[in-house]
1. Can you name every one of the helices (runs of 4 or more DSSP H) wholly within the range A:207-307 that holds 2 or more residues which are open to solvent by 10 Å² or more (accessible area, probe 1.4 Å), closer than 19 Å to A:Val18 by Cβ and facing chain B (nearest Cβ under 9 Å)?
2. In this structure, does A:Leu171 turn out to be facing chain B (nearest Cβ under 10 Å) and in contact with a Pro (Cβ under 7 Å, 6 or more places away or on another chain)?
3. When the residues of the range D:292-316 are filtered to those that are in a loop (DSSP other than H, G, I, E, B) and touching a helix residue (DSSP H, G or I) at 6+ places or on another chain (Cβ under 6 Å), which remaining residue is surrounded by the fewest Cβ atoms within 10 Å (Cβ to Cβ)?
4. So which residues in the range D:180-212 are more than 7 Å from chain C (Cβ to nearest Cβ), buried (at least 22 other Cβ atoms within 10 Å of the Cβ) and among the acidic types (Asp, Glu), if there are any at all?
5. What number of residues in the range D:30-50 are in contact with a helix residue (DSSP H, G or I) (Cβ under 8 Å, 6 or more places away or on another chain), open to solvent by less than 10 Å² (accessible area, probe 1.4 Å) and closer than 19 Å to D:Glu4 by Cβ?
6. Residues of the range B:95-122 being surrounded by 22 or more Cβ atoms within 10 Å (Cβ to Cβ) and not aliphatic (A, V, I, L, M), which ones?
7. Please count how many residues of the range C:1-27 are surrounded by fewer than 14 Cβ atoms within 10 Å (Cβ to Cβ) and either at pLDDT 90 or above or in contact with a strand residue (DSSP E or B) (Cβ under 8 Å, 6 or more places away or on another chain) (or both).
8. Give me the pairs, please: first residue somewhere in the range A:284-304 and within 29 Å of B:Leu146 (Cα to Cα), second residue anywhere and outside any helix (DSSP H, G or I), beta-carbon distance under 7 Å, and either six or more positions apart or on two chains.
Amino acid sequence: MRRFILARLAQAVVSIFVLITVLFFMVRLTGDPVERMIPPQVTEEMANELKAAYGLDKPLLVQYGVFLGGLVTGDLGTSLYFRGRTVGELLSLRILPSLELSVFSMMFSLLIALPLGVYAAKYRGRGSDYVARIFSILGGAAPSFLVGLVMLRIFSVQLQWFPTGGREGLLSVVLPTFTLGWFVSAGIMRLTRSSMLESLYGDYVKLARIKGVRESVVIWKHAFKNAALPVITYATVIFAAVIGGAIVTEYVFAWPGVGSLLIRAVIQRDFPVIQGAVILIGTAFVLCNFLADLAYAWINPKIRYTR
Amino acid sequence: MTTTESAPGAPQAEEPRVKVRGAATTIRFPFVSMVVLGLVVLVAVFAPLIAPHDPEVGQLSNKLIPPVWQEGGNSDFLLGTDTLGRDIFTRILYGARVSLMVAILATGLAGVLGTIVGLVAGFYRGWVEIILMRITDMTLALPLMLMAIVLVALLGASLTNVLMVIVILLWPYYARQIRGEALAISEEDFIDLARVAGLSSPRILWRHILPNVMPTIGVLATLQVALIILLEASLSFLGVGIPPPTPAWGLMVADGRDILGRAWWVSIIPGIAIFGVVLAANLLGDWVRDRFDPKLRQL
Amino acid sequence: MNDAKPLLEAEDLHKHFVMTGALGFGGQGVVKAVNGIDLRLWPGETLGVVGESGCGKTTLARLLLLLESPTAGRIFFQGNEVSIDYSREQLVDYRRNVQVVFQDPFSSLSPRMRIRDIIAEPIRSAGEQSAEEANDRVGEVMSQVGLDYGAHADLYPHEFSGGQRQRIAIARALAPNPKVVILDEPVSALDVSIRAQVMNLLADLQERFDLAYLLISHDLSGVAHLSDRVMVMYVGRVIELAGAESLFSTPAHPYTEALLSAVPPAHPDIESQEIILEGEVPSPIDPPGGCTFHPRCPYVMEQCSDVAPEHGELEPGHGVSCHLYPGSGTRSWQQVAVGSQ
Amino acid sequence: MLLEVKDLRVQFHTRRGVVKAVDGVSFSLDRGETLGLVGESGSGKSVSCMALMRLVEAPAGRIVGGSVLLDGQELLDLSEREMRQIRGGQISLILQDPLSSLNPGYTVGNQVAEAIRIHQGLRGRALRDSVVEILSQVGIPQAERRLKQYPHQMSGGMRQRVAGAIALSCRPSLLIADEPTTSLDATVQAQYLRLLSELQQEFQFGMIFVTHDLGIVARLCDRVAVMYAGRIVETGSTRQIFNEPAHPYAKALLATLPSLESRKKRLLTVSGQPPLAIDLPPGCSFAPRCPEVMDICTEEFPAEATTGDRHRVLCWLHSPSDEMSLSAR
């Protein structure tokens, strides 16, 4: 087990490192950020000065070393757009809202998707199965920006129940949570349903019934525990959906999170901020995968008991 | 590698193995999906013939005309016009071309690339497999949407770049799945028998493995079409996809974002187009998967 | 039978698999699947190989089919050494002469090929016959196994039942006119009433084409029915080798004795003496030292846990690896019988 | 009589039509007695067993008729709640594959304890002791230490012993064993069969042993029922069936067994294959393969012929009206 954790941890660290490196060189090789940013009327002298100020006149590898060194000390550079504000500063303001939205949506989707998936499998081919499947098929096909806009149009513009954007008070979190949560829960529900179906036909479920176990216990204790394994395995897919969906959802609802910061930075070509945001989101993503692996190993005794 | 001595086996059913079990839920042939997708293809092909207006140029005097069924609507502009006075109906028709082109090209390219990598990795063990699968896993370990946004932003928003980025990010899904399949098929006795019959490895790969992974490739491709349409639309919506004035659906949704209260149709109508196509493609994908390869139901 | 040279010969074959950890690093042990096996297969005979799971009989088959390369040891066909590393041309002759029928009739046939192509594969890859000749040959072997060329050749495997599929697998093995057919549990996946049909077919074909069979099975009655000689394996080694009648009537090794007694009798009136062994077959990853059977052996002696017994002949044609017979044959049959009381 | 099954019928509704998986099965069983249920795959053995516990997969499968009397109590009339008390309490079942029938997510101790907790209401120390006791009884060494192990940490033989412990933990009066040894090695199978007979001696349960291996029947069973295409075509004492099989199918099964004695001789065979239960021929299902087929066999289903000593056969060779002549023709 310890070996498993260490190996996965090493894998996660390598992934993050590769992400950072690739990103750095891509940013540099696809064009000098300063040149892309500065207006054409600026003289060469001024441009060079600017480059020197951002350390862009040094050889690429040196820049890379400086960049890595900065990372280690927590220095992600300075924003090109918001002069004088460090990337770290900008990001730190955005982490909490992003986290809030992700956690709310994840909870919302789990609360909806797990029971729905389980009952859809149990009553396969009957009414509740169809309701659940329609819910998930629609959720999987509706782009979150469309859902967001429709929500805004109906509940904020027309009915004025919720604010049209931003993050003020509890009400403002409802629509983004639903938008992101529906999209995510579609995936979880499908997975839960199919893996429940598989485990409901398993011999150990048959044996539980043979023992005279009550049907609800058969389902939740015997079938669900094993069905949860693949769901956790595919947590990767789920987290990818949350993180991808979060960027779009934040943007639609002007939610002050890392995602909307990233989009704004992309539009403004604010490369240090892009770098910082990607490193942050990417690291979070890789870490989530790592945690999902751990959870999987912990639930699955076959891994837990092989040192 | 372990040795697997088969335990004294139970006699298996003499009758052909019955397919019950699992998620083989009876999804009826997705007739509606086929009709919708067929329509979209037709529309895309014949857009210049059907479209009543120019997709990229409009007259400002015609701006924000509501759809024909609303008050102030104009039968000249069935689905209304946008802020620049362009006909939304026309732009939807042309937008279908963009979506389909990206979906088909990206699916095809990613499919071919991923299949080759997957087959090679699954059949030739050793360092080839290790290197290929490390690259695959590394790519898969990145958040799709984030990487797409950043890559397109760095390379510059253009149709070619969107296509390239989608292919780069999606081929590993094929590679991983096909490798798994190839591994499983390599375990089957008929592969050993082919060796005993004297077939060379490339021939076994070509004659025995490839035909048996074809259904999987087909299923993955159908499932990915929907994903790609969604991805392209999201990128365009965020402004890091197809650049204006090309009529991409995602871009059209973004156009109307700030005037949602006044002119809902500018955003919502192209949004519904995306939704409809993705829904149809998803349903078709589900059906194909359940019909041809129930093992894949977790995708 | 013994006048000619052996067709197929194996000399001190070993196959060890290195087990690796779940993530591909850190050796976790060595599975000695096959651990020093000598074997001779004569023209036209059936050599039965019996043993329980993990005894290495399937690995032995894969080695002889050149699907795995041995860790040590050599294989000869008609006196010439063969190896998996030989060039394709050198292997063509071996591939044509040594064919196989596997246990699982479902996994043996590629689901996306027509029966015609499946059966023709071993002929085509040799590349000596025209398409027409190959087709004729397919028709010929199909009728030999009781299939109808006209009705069946263009169908796909899923249209056949298990018994018919096994016939197809046999036809395919026969197609290149082999001298040796390795039968790896050829009937154990079939229903009882179908088994007899296939066993009769195998016996007929052997007689008609003078085939040598290496029959691998855990089903002792089937092996008893078809074999001339029988080899008993336990954890990677041969522990007894004898003519079928001699082996089944007077088993020498305590394991053989127990194995035979474990086979339920054919009739309720047969009073069989059951020898119930303790425990289960040890894992070949970490087999017991000395004689691998000693932890379960009812006659275990001191030296058994330290020294692996040599294979010696009790009488011509009956070999055994057991300390009960030091120098082969000093301890008589009667003594063993007394010991088992 | 411990168990009396009369005219049990189970159907499955599939897309291709109605499968009569069990089509009028009757037999009976005493305490301490072992009945061997023999037949090929698809003959309805396993479905019959599940039907006795009323565990046919709904909604496709349904028990459509018949009667199952356990100690005189009609099981088919019980409520689901009452039936749960019977399952695992009075009737137990051991499944074929010990690897897939144990839940990989729970410890062995937990899984054995579950049945005892449900049916005997034991908790805590008493429950634990009871689990350890039954595990030792099925011959698991160091049972105490095994409680916390997971199924994948045990060998096949040990797992099947655990399955046996679960089945016997509540002292059932009827044990159904559905090919419990097919996945075991020969020497381990011998251990397991010995164990089952010893436990039966001790607890005096009635046992239905499902198998395709006639050798096991010869060794273990008092009586035999031979199934073909959803029906029991012949039933009688093991000696009767082995010495004087009356149904051509039973004769064929016995004749096709290879052995040392049959060396280098041709085995008798039955041509053809078992039919699919979905399109059964009219008349006797075995008629198309029967070496002794008569005209009437393909037209009408045979009535049951019986002799006094519980030997019954479904075959036109043995007309029910005549005195049954077992050495027919």
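The values are calculated or read from the model by the stated rules, or taken from the named source; none is laboratory data. This structure is a prediction, so every number in the text was calculated from the model and none was measured. Quick reminder, even Gly has a Cβ in these numbers, built from the backbone with ideal geometry, and neighbours come from all protein chains shown. Side chains included, ligands, DNA and RNA excluded: accessible areas come from the protein's heavy atoms. Shrake-Rupley method; radii C 1.70, N 1.55, O 1.52, S 1.80 Å.
1. Because the criterion is at least 2 residues that are open to solvent by 10 Å² or more (accessible area, probe 1.4 Å), closer than 19 Å to A:Val18 by Cβ and facing chain B (nearest Cβ under 9 Å), the helices (runs of 4 or more DSSP H) in the range A:207-307 that meet it are A:235-252, A:271-299.
2. no
3. D:Glu292
4. Answer for the range D:180-212, where residues must be more than 7 Å from chain C (Cβ to nearest Cβ), buried (at least 22 other Cβ atoms within 10 Å of the Cβ) and among the acidic types (Asp, Glu): there is none.
5. Going through the range D:30-50 one residue at a time, the tally reaches 3.
6. Result: B:Gly95, B:Ser99, B:Thr107, B:Gly114, B:Thr115, B:Gly118, B:Gly122.
7. So the count comes out to 4.
8. Going by the 7 Å Cβ cut-off, the qualifying pairs are A:Phe285/B:Pro143; A:Val286/B:Ala141; A:Asn289/B:Ala141; A:Ala297/A:Met1.
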